[in-house]
1. Could you tell me the calculated FRET efficiency between B:Tyr208 and B:Ala98, based on Cβ-Cβ distance and R0 = 22 angstrom, to the nearest 0.05?
2. Evaluate the distance, in nm, between pseudo-label points positioned 7 Å from the Cα of B:Met57 and of B:Ile325 along their respective Cα→Cβ axes.
3. Using the charge dipole of the protein assembly as shown (Lys, Arg: +1 at Cβ; Asp, Glu: -1 at Cβ; taken about the Cα centre), state which of B:Ala43, B:Val290, A:Asn67 has its Cα farthest towards the positive end.
4. Roughly speaking, what is the stretch gain from B:Trp153 to B:Leu313, that is 0.36 nm per residue apart minus the C-alpha to C-alpha distance, in nm to one decimal?
5. Under 18 Å from the 7 Å Cα→Cβ point of A:Glu234, by amide nitrogen: which residues of the range A:186-210?
6. In whole angstrom, how far apart do the alpha carbon centroids of the range A:95-135 and the range B:95-154 sit?
7. Using C-alpha positions alone, give me the convex hull volume of the range A:1-120 per residue in cubic angstrom.
8. When you have a sec, figure out the Kirkwood radius of chain A from all distinct Cα pair distances and drop it here in Å to one decimal?
Amino acid sequence: MLKISGVTKTFNAGTINEKKALNGIDLHLKPKDFVTIIGGNGAGKSTMLNMIAGVYNCDTGSIVLSNEDITKQPEHKRAKLLGRVFQDPMRGTAADMEIEENLAMAYRRGKVRGLSWGITKEEKALYVEKLKMLDLGLENRMTSKVGLLSGGQRQALTLLMATLQKPQLLLLDEHTAALDPKTAHKVLSITEHIINEQGLTALMVTHNMKDAIRLGNRLIMMHEGRIIYDVEGEEKKNLKVEDLLKKFETVSNGEFANDRMLLA
Amino acid sequence: MNILLAIEGAISQGVLWGLMTLGVYITFKILNFADMTVDGSFALGGAVSAILIVKGMNPWLSLIPAILTGMVAGGITGILHTKIKIPEILAGILTMIALYSINIRIMGQANTSLLGESTVISILNGMIGASTNTLALVIGVIVSIIVIAILYWFFGTEVGSALRATGNNEYMVRALGANTDVMKIIGLMLGNGLVALSGAFVAQSQGYADVGMGQGTIVIGLASIIIGEVVFGNRFNFAYKLAAVVGGSIIYRIIIAVVLQLGMKSTDLKLLTAIIVAFALAMPVVSKKVRYTLCVLLVAFMILVTKQIVPILLIVLALIIVKLISSVICKVFQKDESKQEVKGA
């Protein structure tokens, strides 16, 4: 499915701000794997997702997704394989465009855009159906500008947009971090529902350890640009937050106490 | 009487310059790209059309190469910005400066007279025989309607939607699989093509092309867009917004014609335009109190410069009336978005 081999990335190489973000990442995902990723700030979680999405180029290593080598593909080309939801609710949608226009854009992910009409009647019916599933009442506001929606509604919409065309891999980059607990919970349950329903392969970065343990079939922990812990199946199910904390303290020599993961 | 005549000329000029404003609207408002190229591509369109007419080409046909060269100019700015990563303002300035030399090369000198040559207006004059201003107005209105119809269609297509979204949120557009670099280049080509078309019409209607005719185009465009938005309201559907842009261009020309008639020095025009733009950009940022003060100051400034009180107050009154009428029209036709805002997660 997804095969990341020996990927490294250094930002601002050769300057005083040099930062080794990824130190040789190897990761192999099976189809329908739902992997949660945890780790402290600067561990390289978001960088890894951005490398897969093509925001940055790899210094070394390769990324293969669905038997296609996407290491050198530009961001917009590999978008056909990927569904993405960002941490910032503003990033995933176009504020000045209508809800249905945003969905129509997402519906054309991976297709050649031509001069035919940007949105058709049949599509609109489909969008209403899909929006009903979110249970946020958005189906009655198809022509409202997305800028009028709350952060939670925008994240839910982005999630729907990312999966409107079934992606080979869904990338969720702390997509509930900017939401209040109640809304975050709602968006997470929508996430779970969509992933199960469509049988998606997904990578989800989170700062909430309980969520990381509860959701998905596999969990990886990152530290200083490396994957330091990788569990799946029964072993993962039986994990406790304390186990993860202990695991983390051993690799980071106690500096973990300051990390915001403790708040989770 | 003089003033009425000046206003008539201003309206037809306003429509022809309105095409330029539509071009600036595409780059500045839709693509969110402050494109300085337009100062050069406006004169480019005029120069290309004028020199081709002098060489014996049909004035209508000469519009096509004018549009095409404008598009090339926009495309170059787009490539400078997207592929070589030059900041947008600088990329535009580079093309604009280059065009100054190129325009002189095209014409062989700093200007080209169309005296005695046939133009789109003189052709029509031979057929119907109305005044130059009226004919320029008729041509301008028809071309504007066609252009607005084409733009309305284009921005409804898949590519057009992606282009609008690029001006809104590039990250999203790339994540959804469209090439934002290509979108920007298309938008710049479209915008500058329109600006060049406008330059060609203006050159033909005024009877000459001049290398300096494009100076300040971007600022005039912005002033017109802002006036259009303030007076006609930034709402309703897309075609209305585009028509409002042309309307803004007409009002801008009328204001200029009137203050000139009232005795303002033509060399002070650029100062006035800059003040109008800065003033309009300040409006949404400052508090209501400051807003009213600024309005009063602007009117006082106009009165001071022109030394006329009654006509200026009449203009202000007229603008307020147009504004009221248009807001009533909008209220009648517009679905009220604000009512939908209440529900939320």
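1. On the way: r = 23 Å, r/R0 = 1.03.
The value I calculate is 0.45.
2. Result: 4.0 nm between the two label points.
3. B:Val290
4. Values: separation 160, 0.36 × 160 = 57.60 nm, distance 4.03 nm.
Contour length minus the Cα-Cα distance gives 53.6 nm.
5. none
6. After rounding, the separation between the Cα centres reads 40 Å.
7. 157
8. 19.3
Read-outs: derived from the displayed coordinates by stated rules, not from any lab. Just so it is clear, the model here is predicted, and its values are computed rather than measured. FYI the Cβ positions are ideal-geometry reconstructions off the backbone, even for glycines, and counts take in every protein chain you see.
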